[in-house]
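Any read-out appearing in this document is the output of simple, stated calculations on the displayed coordinates, not a laboratory observation. Everything quoted here is computed from the prediction, not taken from an experiment. Note that each Cβ is placed from the backbone with ideal geometry, even for glycine, and that neighbours are counted across all protein chains shown.
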Amino acid sequence: MKAYVYREYGSADVLKLTEVEKPVPKDNEVLIKIMAVSVNSADIRYMRGKPRIFRLMFGFFKPAINILGADVAGIVEAVGSAAKKFKPGDEVYGFLSDHGFGGFAEYVSTTEDQLVKKPAGIPFEEAAAVPLASYTALAALRNKGNIQPGQSVLINGASGGVGTFAIQIAKYLGAEVTAVSSSGKEELVRSLGADHFIDYKTTDFTKSGRKYDLIAGVNGYHPLSHYLRSLKDNGIYIMVGGKNPQIFHALLFGKVSTLFSNKKIICLTDTATGSDLDFISELLVTGKIKPVIEKRYSFDELPDAVRYCDEGHPAGKAVVRIN
Ligand SMILES: NC(=O)c1ccc[n+]([C@@H]2O[C@H](COP(=O)([O-])OP(=O)(O)OC[C@H]3O[C@@H](n4cnc5c(N)ncnc54)[C@H](OP(=O)(O)O)[C@@H]3O)[C@@H](O)[C@H]2O)c1
């Protein structure tokens, strides 16, 4: 089969189209013929090997895994003897980032736990845009943030892969949503349901005096103390991603910073369960969420899709058709 293999850290130029062995599913695995894959921030981090300290996990001198691609949608072609959930011919989608990636290829073999049946009527390309970003938004807002109807929620970094789902999920959960991104994305985030919009290039929301029940730092560019002052009593700041110093600060000092406060800082480090993905499927089928796909690419153009996400500020997701 054909796959984009990378053997050194760097830009999208390190992704080389290569003929490799088609995988054979182990007992607990299923073999998927991949129809579409989307690009995630996780692919970029692994490709670049940054921040460097993460190379302790990614492979110190060279990448430990060689085929990236976390979010896939495809058709089950074969199943291992102990695989119970799916049978050949099932249309599935899900994410592979907890099981070694592998989606930048024509086929992947993976365990069943982070795959679910693709709802009929949702095209493969749309399904591939959904899993990791929507799960991250759901985990931040519902599982960790426990949003209640009527609460005020600010999403810092609202127009990218995670943020576009976060707006829709927060609205579904009944929140009043403030979206923060650059001005060119205002129409998009409002169309997804945002009640208020702040352009981070002109306005620092942490200085406005307005307070929120929950702030999701999808791109957490502010110091933790600034987030804390923008939270109401009992408010929660959830660190999803952002600049490396903010991520490490939240991981190392998040709990200590709120020791004598009724506010909380939570770092999102969860992994999804099948039931989370089933819930997401329900939201998709009922039209409560829809993926925002800014760009679509062919398999030959896959490095361009990765380059676009690496260099630019995508609105929603970039998706690659494979088969
Ligand atoms: N913790 C987890 O489990 C988990 C899982 C998945 C992803 N993540 C992390 O989540 C983060 C976001 O991922 P993504 O895929 O949504 O990224 P993305 O698609 O690149 O989106 C980034 C968003 O941040 C905005 N932004 C850029 N600079 C900003 C600033 N200074 N202040 C506020 N917003 C700013 C962008 O707006 P403009 O485009 O308008 O500039 C865009 O809305 C990444 O750091 C990723 O590693 C974490």
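What's the whole-number percent of alpha carbon pairs in the chain lying beyond 24 angstrom? Walk me through the numbers on the way to the answer.
On the way: 27537 of 52003 pairs.
The proportion of pairs with Cα distances above 24 Å equals 53 percent.
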Descending Cα extents along the principal axes, the range 172-224, whole Å: 29, 26, 19
Between the range 167-183 and the range 57-99, the Cα center-to-center distance that results, in Å: 31 Å
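When the expected Rg is taken as 2.2 N^0.38 Å, what fraction or multiple of it is the alpha-carbon Rg of the range 101-142?
Working: Rg = 11.9 Å, N = 42, 2.2 N^0.38 = 9.1 Å.
Normalised by 2.2 N^0.38 Å, the Cα Rg of the range 101-142 equals 1.30.
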Calculated [θ] (222 nm, deg cm²/dmol) that DSSP helices of n ≥ 4 give over the chain, each run adding -39,500 (n - 2.57): -7500 deg cm²/dmol
Nearby aspartates and glutamates by direct alpha-carbon distance to residue 118 (threshold 17 angstrom, same-chain neighbours under 8 apart not counted): 71, 77, 90, 91, 126, 276, 278, 282
Net length gained if the chain between residue 84 and residue 28 were fully extended (0.36 nm per residue, minus Cα distance): 19.3 nm
Cα-based Rg and Dmax for the range 132-267, where Dmax is the largest Cα-Cα distance (Å): 13.3, 40
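Please arrange 32, 53, 122 by counting, for each residue, the other beta carbons lying within 10 Å of its beta carbon, fewest first.
Values: 32 31, 53 10, 122 18.
Going from sparsest to densest Cβ surroundings: 53, 122, 32.
Taking the Cα centre of the chain as the origin, how large is its charge dipole in debye, to the nearest 20, when only Lys and Arg (+1) and Asp and Glu (-1) carry charge on their Cβ atoms?
Details: 39 positive and 35 negative charges, 200 e Å.
Its charge dipole is roughly 960 debye.
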190, 7 arranged by Cβ crowding within 10 Å, fewest neighbours leading: 7, 190
J(HN,Hα) series, the range 7-14, from Karplus relation 6.51 cos²θ - 1.76 cosθ + 1.60, nearest Hz, glycine and proline x: 10, 9, 6, x, 6, 4, 5, 7
Dipole of the range 132-267, positive end: most advanced residue of 198, 168, 249 [Cβ charges, Cα centre]: 249
Cβ-derived FRET efficiency at R0 45 Å, residue 270 paired with residue 313, nearest 0.05: 0.95
Computed label-point distance, nm, for sites residue 285 and residue 142 using a 7 Å Cα→Cβ extension: 1.4 nm
Highest-fluctuation residue, 302, 252, 228 considered, GNM on the chain with Cα pairs under 10 Å: 252
From phi via Karplus (6.51, -1.76, 1.60), per-residue ³J(HN,Hα) for the range 99-106 in Hz, x at Gly/Pro: 10, x, 6, x, x, 7, 7, 6
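With an 8 Å Cα cut-off and a minimum separation of 6 or more residues, compute the relative contact order for the range 132-267 in percent.
Details: 279 pairs, mean separation 28.4, N = 136.
Relative CO of the range 132-267 lands at 21 percent.
Calculate the FRET efficiency for residue 300 and residue 256 from the Cβ-Cβ distance with a Förster distance of 45 Å, rounded to the nearest 0.05.
On the way: r = 50 Å, r/R0 = 1.11.
For residue 300 and residue 256, the calculated efficiency is 0.35.
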Computed over the range 1-85: relative contact order in percent, which uses C-alpha pairs under 8 Å that are six or more apart: 41 percent
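From Cα pairs below 8 angstrom and at least 6 apart in sequence, can you work out the relative contact order of the chain, rounded to a whole percent? Numbers along the way, then the final one.
Numbers: 756 pairs, mean separation 58.9, N = 323.
Once divided by the residue count of the chain, the mean separation gives 18 percent.
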